[in-house]
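Here the structure is laid out as structure tokens; the discussion comes afterwards.
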Amino acid sequence: MLDAMLNGVTATIDWSEPDGVLATYVAQMDRLTEPVSPGVPLSLSVHGLLVSGELIPQWQWFAEVSELNDHEDAFYVGTAEHVKEQSDLAHDAIKIRDTGGEVTHRQHTALMAPTRYIHLRNTRIHSPGARGGEAGALWRGRLADVSGWTPGAAALSED
């Protein structure tokens with residue numbers, strides 16, 4: 001935490017909080033009800049590594065993980081279905097709210113759930129002095145661990 005004095009008032013900055021703009025961007029993606037292909041290209045700085053891939057909704061990430069290795073994993077299938085249901089509830093809440101309707105408690109809860117993780121597909125992880133990994137991996141990371149980001153895929157030389 002960092003305490004700063006502004007006009008005699010102490011302001012506390014909590015650096016463990018994720019970037020608000022990125023969190024909003026990810027939350028909007030997570031509320032999509034249809035799969036995205038391709039995802040939105042992003043490059044992230046995470047603990048000194050460059051993580052580059054396509055941003056996809058959380059529910060889609062779980063669905064794609066459940067289909068890895070040509071089999072469906074019951075845990076990931078169930079998680080994908082639950083997360084998709086929450087996404088649908090949040091999406092419905094936005095539509096109802098925007099037309100002046102009354103939102104149910106379940107819809108409100110889904111809409112107000114904090115976004116804590118970011119989900120990428122076709123991910124490459126680059127570390128200083130090493131060659132980047134093969135693209136194609138599914139990656140899930142904590143938003144609070146992202147120290148910087150930029151739209152678009154990282155263009156690194158393979159030297």
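Restricted to region 43-54, and to residues that are under 18 Å from GLN28 (Cα atoms) and surrounded by fewer than 23 Cβ atoms within 10 Å (Cβ to Cβ), which residue is nearest to the chain's Cα centre (by Cα)? For region 43-54, the residue satisfying everything is GLU54. Whether any residue in region 138-147 is more than 13 Å from SER43 (Cα to Cα), at pLDDT below 85 and loosely packed, with under 13 Cβ neighbours inside 10 Å is what I want to check. Scanning region 138-147, I find no residue that is more than 13 Å from SER43 (Cα to Cα), at pLDDT below 85 and loosely packed, with under 13 Cβ neighbours inside 10 Å, so the answer is no. No other residue among PRO18, PRO41, PRO35 is modelled with pLDDT of 85 or more and part of a loop (DSSP other than H, G, I, E, B) apart from PRO35.
Residues in region 75-128 that are part of a helix (DSSP H, G or I), among the small types (Gly, Ala, Ser) and more than 17 Å from the chain's Cα centre (by Cα): GLY78, ALA93.
In this structure, is GLN60 in contact with a Pro (Cβ under 6 Å, 6 or more places away or on another chain) and either within 18 Å of ARG142 (Cβ to Cβ) or at pLDDT 85 or above (or both)? It is true that GLN60 is in contact with a Pro (Cβ under 6 Å, 6 or more places away or on another chain) and either within 18 Å of ARG142 (Cβ to Cβ) or at pLDDT 85 or above (or both).
Working only within region 85-125, note down all residues that are surrounded by fewer than 19 Cβ atoms within 10 Å (Cβ to Cβ), of a type in the set (Gly, Ala, Ser) and modelled with pLDDT under 85. Matches in region 85-125: ALA113 only.
The values are calculated or read from the model by the stated rules, or taken from the named source; none is laboratory data. Values in this document were obtained by computation on a predicted structure and should not be read as measured data. Using ideal geometry, Cβ is built from the backbone for each residue, glycine included, and neighbour counts are taken over all protein chains shown.
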